[in-house]
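Asks: One structure is given below, represented as structure tokens, and several questions about it will come after.
Read the figures in this text as sums done on the coordinates, not as results from a lab. All figures in this text were calculated on a predicted structure; none of them were measured in a lab. Quick reminder, even Gly has a Cβ in these numbers, built from the backbone with ideal geometry, and neighbours come from all protein chains shown.
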Amino acid sequence: PWAIGIAAVMGHCWCPWLKFNGGKGVATTVGVLLFLEPWVTVACLPIYVVLRIIGRKARRPQEGAIASLTTMTVISIIVGGLAYVLLAIVVFRHISNLRGIMASGHESRSARSKSESADVQEAPRQSQ
């Protein structure tokens, strides 16, 4: 069953009829995990919901990717084995999104430190 599930995820990620592009690999992975490990997957779904809410409140542009990958990582750790293959496929397929997340995190930190230093520099001017 795992081989069939992995093939389904790969088929959705790299569809030959779409010039080896695709989509909905994460959704297919969740479906495969729901079939193969239903109790673990259902137990981990609240992690996804909580991370989506936190990401939305923090105004993170990629909150869906962060929530999905974190939840899939937890499921892979619990289930082990071939669940790591599913996680690796999704991570590989979303490398550009992950780079964007890392860049936006770095940019927001550097922008925050610049604004804090600007506030510190502007403070003496305001008191004059």
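Asks: Loop-only trypsin sites (Lys or Arg not before Pro) in region 47-81, please: DSSP not H, G, I, E or B, and at most 13 other Cβ atoms within 10 Å.
Replies: Loop-located and lightly packed - ARG59.
Asks: For region 4-19, take each phi angle, set θ = phi - 60°, evaluate the Karplus expression 6.51 cos²θ - 1.76 cosθ + 1.60, and give the result in whole Hz per residue in order, putting x for glycine and proline.
Replies: Per-residue couplings from phi come out as 5, x, 5, 4, 5, 5, 5, x, 7, 7, 10, 6, x, 7, 10, 6 Hz.
Asks: Please work out the FRET efficiency for the pair TRP17 and ILE53, using the Cβ-Cβ distance as r and a Förster radius of 30 Å; give the result to the nearest 0.05.
Replies: So the FRET efficiency works out to roughly 0.25.
Asks: Within region 13-64, report the chymotrypsin sites (Phe, Trp or Tyr not before Pro) that DSSP leaves as loop and that have at most 12 other Cβ atoms within 10 Å.
Replies: Of the chymotrypsin sites (Phe, Trp or Tyr not before Pro), the ones in loops of region 13-64 whose Cβ has at most 12 other Cβ atoms within 10 Å are PHE20.
Asks: Once you have all Cα-Cα distances for region 1-81, histogram them in 10 Å bins from zero and send the whole-percent values.
Replies: P(r) over region 1-81, rounded to whole percents: 18, 43, 30, 8.
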